[in-house]
Amino acid sequence: MTLETEITDLWNRYQNGLTAAAAGADEHDSLDAFLAALEADEIRAAEQVGPADWAAVEWVKQGVLLNFALRETHARSYGGVDYYDVLPLRGTEDLGERGTRNTPDGTVLRPGSYLGEDVIMMSPSFVNIGARVGDNSLVDSCDTVGSCAQIGEGVKLGANTLIGGVLEPVEDAPVVVEDGASLGAGCRVTSGFVVGENSVVGEDTLLTPRIPVYDLVEDEVHYGHLPPERRAFQRYVESSVSDEELIPGSAYKPAVVATGLEDKTLEATQREGALRE
């Protein structure tokens, strides 16, 4: 029986009434094997099906949910702090062999998360269950990489950046930041938004499918994704809600403007090789 078959069968049993109290050693063995496969990058919560188009791997997301549904909460301790959760924190024994490092006092990895080779994770920062961070990427201070989020290779997440997570519904695709993208400090990416490869996003930009991306390169408006190789930044445009209908004066709504990349923009976001030697 394959791991996919085991998880699918377990999901069906859960849907038919299996509870955490009734789950035993066999069920927990399957869940442990599932988490180990995520941490070894043998399975992923999403897969690319086309340009800027990603789909959730349904059975993998089901497996993530089952690790909450079929485990009971226990008292635990880490770094002298007592806490209560269904899972312990992720072990980090495998990081050193890949040249990856997480600085002390505040870097948190939940089980089922994957960090590739030469990743730097600064404290405090957090990578949630099911998330994947690709080779040579940087997770800076005060960053959150949400559940099942997919961060590509050579990505730079500026300080205080939020990458949203998604667990329910199981068919929804998570946030994706493709290879080579650079996000400035304070960015927020939510609700399955896809940041195209090699794009540069300015500080404090909010990227969500509800906010239009005005692409000045192709003269198009996008929802839910930023095309590759763009420079993007937040702007506010006039809203149709005005003329004293609801509020006095003019009203404005957020928008994202995307332009072509310039050499000086690329130079400003170059990775520092000394950090990884």
*Identify the single condition in (1) farther than 28 Å from residue 159 by Cα; (2) in contact with a helix residue (DSSP H, G or I) (Cβ under 9 Å, 6 or more places away or on another chain); (3) among the basic types (Lys, Arg); (4) open to solvent by less than 80 Å² (accessible area, probe 1.4 Å) that residue 76 does not satisfy, given that it satisfies every other one.*
(2)
*Give me the pairs, please: first residue somewhere in the stretch 87-115 and closer than 15 Å to residue 130 by Cα and open to solvent by less than 30 Å² (accessible area, probe 1.4 Å), second residue anywhere and of a type in the set (Asp, Glu) and not in a loop (DSSP other than H, G, I, E, B), beta-carbon distance under 6 Å, and either six or more positions apart or on two chains.*
114/39
_Selection status of residue 128, open to solvent by 10 Å² or more (accessible area, probe 1.4 Å) and on the phi > 0 side of the Ramachandran plot_ = no
*Subset of the stretch 235-246 that is at pLDDT 65 or above and either of a type outside the set (Ser, Thr, Tyr) or exposed (fewer than 10 other Cβ atoms within 10 Å of the Cβ) (or both) - its residue that is nearest to the chain's Cα centre (by Cα)*: 235
*Determine which member of the set 52, 46, 75, 40 is under 15 Å from residue 148 (Cβ atoms) and not charged (D, E, K, R).*
46
*Would you pick out the residues in the stretch 179-206 that are over 15 Å from residue 224 (Cα atoms), crowded, with 21+ Cβ neighbours inside 10 Å and among the aliphatic types (A, V, I, L, M)?*
181, 183, 200
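The values are calculated or read from the model by the stated rules, or taken from the named source; none is laboratory data. Not measured: the values here are computed from a predicted model. A quick note on method: Cβ atoms are made from the backbone with ideal geometry, for glycine too, and the neighbour counts reach across all protein chains shown. Note: areas computed on protein heavy atoms with side chains; ligands, DNA, RNA excluded. Shrake-Rupley method; radii C 1.70, N 1.55, O 1.52, S 1.80 Å.
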